[in-house]
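A.B. asks: Here it is, the structure in full.
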Ligand SMILES: Cc1cc2nc3c(=O)[nH]c(=O)nc-3n(C[C@H](O)[C@H](O)[C@H](O)COP(=O)(O)OP(=O)(O)OC[C@H]3O[C@@H](n4cnc5c(N)ncnc54)[C@H](O)[C@@H]3O)c2cc1C
Ligand code: HEM
Ligand code: SF4
Ligand code: F3S
Ligand code: FES
């Protein structure tokens, strides 16, 4: 059956898709994160072994991605709250979304070096 | 009185007044579905010569009248007031009679399909009953108690203005069928029903607001809205649908209306 | 085929149908059959308002309103009916308000009122504010409010059911036959009383404010059952339709201060109607516009339209009072009414004529007798409150006043009688029409015939008519009717066969167009909406009477039209010259 | 449709037709495009509680708090002081020695998990087609949430820097 076309929603719809995807992503991460942190109850060694993997470049990159997800979810969450409780919110939702994206880009650029420092150092040396 | 017309001719007016029209070739790519013939829908292309200032509905009519009489869709007023012809044009819900060809990128094939989330019965016709059921479920009529006044009920211009936006609804279903939450399971009341509840909740003459709010407080009520704004973008009457929904949510929280 | 049994059946769910349904549902078991979802009805397109002498903003009374109605209708109005309508107008508006209609309000919180064409203070002294309105969405609000109240009262709707025949047995109403669009099934509705409220018939004109679905089904099928149609030659052309599209720009625009201008920017209505100017009645304005165009003062490259100028009104006023029509100009013409005048031309708008009824809504079989159990209200009917020319806002009034009356009368009647036996093989005629079209081997196209019909009507039976053009129209229509016999449809299916129904509707339009043209040809005078250049004056001696057109079927099945006349009811006002 | 309906003849036509109307006997009804779950007489169900409203409010409230808690957490853990490379058992031990950070993490854990699981509930409600699937997924998710929250709480309270 030839499928119907994708609904061409606009900023509001895509930001919601992103919000939902990031929310689910964070949920699963949080689940894993609590489990790994629980290892502090087992022994310092096992905790440090797991944490060591956090320091590998791959996981470090994923960490950056996770930060990106959380940051977007958080900023957009604030936008949603503004839409909910501020009477001018719905009318300004697009502007707020672009502000969210702007702030998000700036913060992610700012976080680039601090978060990935470890990896960058191990790859490119001092 | 001044004589504005001769000197004050704007370019837009000049453009609107040109007598002879330049026709362009447009392709309509329509998602056809007729279960009496084929169990599955098919995309069919139609080529026609159109004046770009005509409506998409004119193009559909031209196909039906000159090329393929089996093409089926609803229409009546042809100027965006009856709500018959909501359909998905180039992936977005619109009224075919309120969409000019020049505004939907006619160099490319224009895709036309039925609105989403309601059962397609034939071509662009969907089953509207669930939509109207949700509308009826919010008690869309004035509820008052006590004796009727002999004259009209008084209402200040401000109180009248409070719900003006949502009185414009023509029940075209463009909003509800653009809502991602509605597509999922069709159980959500949908923006149109909420808009019509809003129209009464914020009417100073009405006394049924509590009841309506209680209905919308339900599992499938306002709380399912995820503020995706598709409804507001789709509404051909320019109703700020999401805003109305948020006002209902806030009224539920604060119980002030 | 299915057979349903109800006390009252209402055909049509526009303003008139739903107003009747609200009354009759509370009194009898009622079904409402409508070919559109109720909220799609064309009542929703009405913009300007609904008149009633509420006197909320200035002195007014129903007697002045009656006078304006009678004068507006060029004295062809049945004055007893007009009196009833104008008297009950106040309650009709208040009823709607109590049902929840969100009228625009005055400072004091009362229903606001605005000026409208032909509505005057003290028998023509000056324009009066009589039209109750809700911005320029009055019809929309009426339709929505009535539908809401139908929901409240649990009215039983049969949506997308096309009524195609009326059943009369032994001179008494037996029911109707309907075609269900979704399935192609035929349904017979047996009923003690039937109310027709199926709206207008404007689609036989090309430039029209009417919806695609206004095809005069009710008028046509009653007419084919041998009942008369009254005053069909009187069709109203509204002065301000969007140029070439016909989309209506309400008279309320002029009520708010809008001005008609020709290509020189002149406010030409001052010449035609020194007192009322742009607010003269519609026939006067439409003729004035065409005269300007004919005399070379039209606008645009082809000089074929004039302007409706709103540019001197403050934008806030336009936004508050005329939001929809300004949006139409933006959407369909791409111009900004704040700064540009809007190109307009007269557009076919309203059928003054229709199924003759008395003031209870009972349908007349001839000049005096009624068909028991048969009612009509709204644009489909001719109570004659509009005479030769309807005043703006009097139609929304008509549908409410006479819709309510017909609803009550029909339900009350249904309580007093038993069902009339259905005739043998009740769906016979409808099946024949439908199967005939489905099986037709012809080659003629519905769209082509309809187009030619609309063209001949626009050229020959519009604002200006002569014996010659009308003869041309009659001849053209006869030719088209002949061709219609060989019309073919492409869709042979059962489900949602709109192709088939467009063909059926065209058949109705052809019949009614013929009645219009023949009635107009016979009326050798000019009165209200009917203007004969060869007989430019009103002739009260010969034509102060209603036309009654009957279909005569000869033994060989050929049909012809027989015209008869019915006297006008005059109570208070003797005919005078009509000046605005 | 209306009562008092008795069938008589079937209209002869090109296509076979059962004359039952839509949704009943018409063979064509078997094929529909993108059928939604039908809205029935039983739906929407009346619940008469404020649960959905409270959940909605909770999402906003917890969201605002989480911005502070999580962004602070991220800042400390990933950005300040050499980022992730500094983290090890000793670092955690140092932080949890203070009841302030204990409280911070505890609140963050609870709020985030409840916020997240309520969000997941919404997602499941939206996409699970069958009631049974819905129930299963939600049970699973609920169990995981309870487990994680309890585990996390336990860890924070019973943390022993000297094991
Ligand atoms: C653009 C426009 C603006 C107007 N503005 C004003 C105004 O400002 N003031 C004013 O007073 N008047 C105005 N009028 C006139 C007025 O709106 C109409 O005359 C009036 O609304 C007609 O109402 P109705 O109920 O008779 O018919 P409609 O509202 O047209 O309803 C007809 C109903 O009949 C049904 N129907 C038709 N055929 C069949 C069939 N075969 N079987 C079953 N059902 C059928 C349709 O489904 C529909 O429900 C305006 C008209 C137009 C076109
Ligand atoms: C950092 C601060 C956060 C803020 C401001 C925030 C805000 C929000 C808001 C306002 C919503 C509701 C959206 C709606 O109703 O449409 C939401 C949904 C959601 N959040 Fe968060 N959140 C945050 C952190 C988190 C975390 C840590 C998780 C994961 C554990 C998470 C998971 C979710 C999920 C799964 C949803 C549901 C998404 C949906 O229904 O579309 N959020 N968030
Ligand atoms: S709110 Fe707008 S989109 Fe939704 S039904 Fe009403 S008019 Fe249509
Ligand atoms: S599209 Fe749906 S999610 Fe809400 S904002 Fe509109 S109802
Ligand atoms: S045809 Fe009436 S809204 Fe498009």
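Any read-out appearing in this document is the output of simple, stated calculations on the displayed coordinates, not a laboratory observation. Keep in mind the model is a prediction, meaning the values are calculated, not measured. Quick reminder, even Gly has a Cβ in these numbers, built from the backbone with ideal geometry, and neighbours come from all protein chains shown.
A.B. asks: Could you work out the relative contact order of the range D:54-158? I mean the mean sequence separation of Cα pairs under 8 Å and 6+ apart, divided by the number of residues, in percent.
C.D. replies: 32
A.B. asks: Based on the alpha-carbon gyration tensor of the range C:58-133 and its eigenvalue square roots a ≥ b ≥ c, which shape applies: rounded if a/c is under 1.5, prolate if not and a/b is larger than b/c, or oblate?
C.D. replies: The shape class here is oblate.
A.B. asks: Now for a different question. On the first, second and third principal axes, largest extent first, how far apart are the outermost C-alpha atoms of chain C in Å?
C.D. replies: For chain C, the Cα extents along the three principal axes come out at 64, 50, 49 Å.
A.B. asks: Sort C:51, C:150, B:175 so that the residue with the fewest other Cβ atoms within 10 Å of its own Cβ comes first and the one with the most comes last.
C.D. replies: Fewest-to-most ranking of C:51, C:150, B:175: C:150, B:175, C:51.
A.B. asks: Alpha carbons only, please: Rg and Dmax for the range C:18-86, in angstrom.
C.D. replies: Values for the range C:18-86 (Cα only, Rg and Dmax): 16.4, 43 Å.
A.B. asks: For the range B:20-126, state the average projected area of the convex hull of the C-alpha atoms over all orientations, rounded to one decimal in nm².
C.D. replies: Quarter of the Cα hull surface area: 6.7 nm².
A.B. asks: Let me ask another. Once you compute Rg and the Kirkwood Rh from C-alpha atoms, what is the Rg to Rh ratio for the protein assembly as shown?
C.D. replies: 1.04
A.B. asks: Let me ask you something else. Give me the mean projected area, in nm² to one decimal, of the convex hull enclosing the Cα positions of chain B.
C.D. replies: 19.4
A.B. asks: Follow-up question, since we're still on this one. Rounded to whole Å, give me the distance from the Cα center of the range B:25-103 to that of the range C:15-34.
C.D. replies: The two parts, judged by their Cα centres, are 34 Å apart.
A.B. asks: Based only on other Cβ atoms within 10 Å, what is the fewest-to-most ordering of D:65, C:227?
C.D. replies: By the 10 Å Cβ count, ascending, the order reads D:65, C:227.
A.B. asks: Something else about it: Using the Kirkwood radius over C-alpha pairs as Rh, can you work out the diffusion coefficient of chain A via Stokes-Einstein at 4 °C, viscosity 1.567 mPa s, in µm² per second?
C.D. replies: Diffusion coefficient, whole number: 75 µm²/s.
A.B. asks: Just checking the output field for B:9-16: average partner chain Cβ neighbours within 10 Å of each residue's Cβ?
C.D. replies: Mean shielding by partner chains, rounded to a whole number: 6.
A.B. asks: Given R₀ = 35 Å, FRET efficiency for residue C:541-residue C:291 by Cβ-Cβ distance, to 0.05?
C.D. replies: So, using R0 = 35 Å, E works out to roughly 0.85.
A.B. asks: If I take R0 = 41 Å and measure r between the Cβ atoms of residue D:139 and residue A:61 in this structure, what FRET efficiency does the formula 1/(1 + (r/R0)^6) give, to the nearest 0.05?
C.D. replies: My answer for the efficiency is 0.75.
A.B. asks: For the range C:77-222, how big is Rg over Rh, using alpha carbon atoms and the Kirkwood form of Rh?
C.D. replies: A ratio of 1.03.
A.B. asks: So the label point goes 7 Å from the Cα of residue B:211 along Cα→C-beta, right? Which residues of the range B:141-168 then have their backbone N under 11 Å from it?
C.D. replies: B:141-145
A.B. asks: Let me ask something else. Among DSSP beta bridges whose residues both lie in the range C:1-130, state the antiparallel percentage, nearest 5.
C.D. replies: Antiparallel: roughly 50 percent of the beta bridges in the range C:1-130.
A.B. asks: Over all directions, average the projected area of the Cα convex hull of the range D:54-158 and note it in nm².
C.D. replies: 7.9
A.B. asks: Which whole-number percent is the relative contact order of the range B:163-231 (Cα, under 8 Å, 6+ apart)?
C.D. replies: Once divided by the residue count of the range B:163-231, the mean separation gives 39 percent.
A.B. asks: Okay, moving on. What relative contact order, as a whole-number percentage, does the range B:20-126 give when Cα pairs under 8 Å and 6 or more residues apart are counted?
C.D. replies: Answer for the range B:20-126 is 33 percent.
A.B. asks: Also, quick follow-up: Please give the FRET efficiency for residue C:554 paired with residue A:6, using the beta carbon to beta carbon distance and R0 = 60 Å, rounded to the nearest 0.05.
C.D. replies: Efficiency computed from Cβ-Cβ geometry: 0.45.
A.B. asks: I would also like to ask the following. Note the angle between two axes, namely the Cα long axis of helix C:467-484 and the longest principal axis of the Cα atoms of chain C, as a number of degrees from 0 to 90, rounded to the nearest 10.
C.D. replies: 40
A.B. asks: Cα axis of helix C:79-99 to longest principal axis of chain C: angle in degrees, 0 to 90, nearest 10?
C.D. replies: 90
A.B. asks: Using a Gaussian network for chain A with springs between C-alpha atoms less than 10 Å apart, which of these wobbles most: A:44, A:57, A:90?
C.D. replies: Of A:44, A:57, A:90, the most mobile in the Gaussian network model is A:44.
A.B. asks: Right, something else. Run lengths n ≥ 4 of DSSP H only: what is the helix-derived mean residue ellipticity at 222 nm for chain A, with -39500 (n - 2.57) per run over all residues, to the nearest 500?
C.D. replies: -28000 deg cm²/dmol
A.B. asks: Hey, how many Å between the Cα centroid of the range C:179-228 and the Cα centroid of the range C:63-99?
C.D. replies: A separation of 26 Å, based on Cα centres.
A.B. asks: Let me ask another. Could you give the angle, 0 to 90 degrees to the nearest 10, between helix C:498-522's Cα long axis and the longest principal axis of the Cα atoms of chain C?
C.D. replies: Helix C:498-522 sits at roughly 60 degrees to that axis.
A.B. asks: Can you tell which of B:247, B:207, B:36 shows the greatest fluctuation in a Gaussian network model of chain B with Cα springs below 10 Å?
C.D. replies: It is B:36.
A.B. asks: Which of the three applies to the range A:68-126, rounded, prolate or oblate, going by the alpha-carbon gyration tensor with a ≥ b ≥ c and a/c under 1.5 meaning rounded?
C.D. replies: Prolate shape, in that a/c is at least 1.5 and a/b is the bigger ratio.
A.B. asks: When the helices in chain C are scored as -39500 (n - 2.57) per DSSP H run of 4 or longer and the sum is shared across all residues, what 222 nm value do you end up with, to the nearest 500 deg cm²/dmol?
C.D. replies: -10500 deg cm²/dmol
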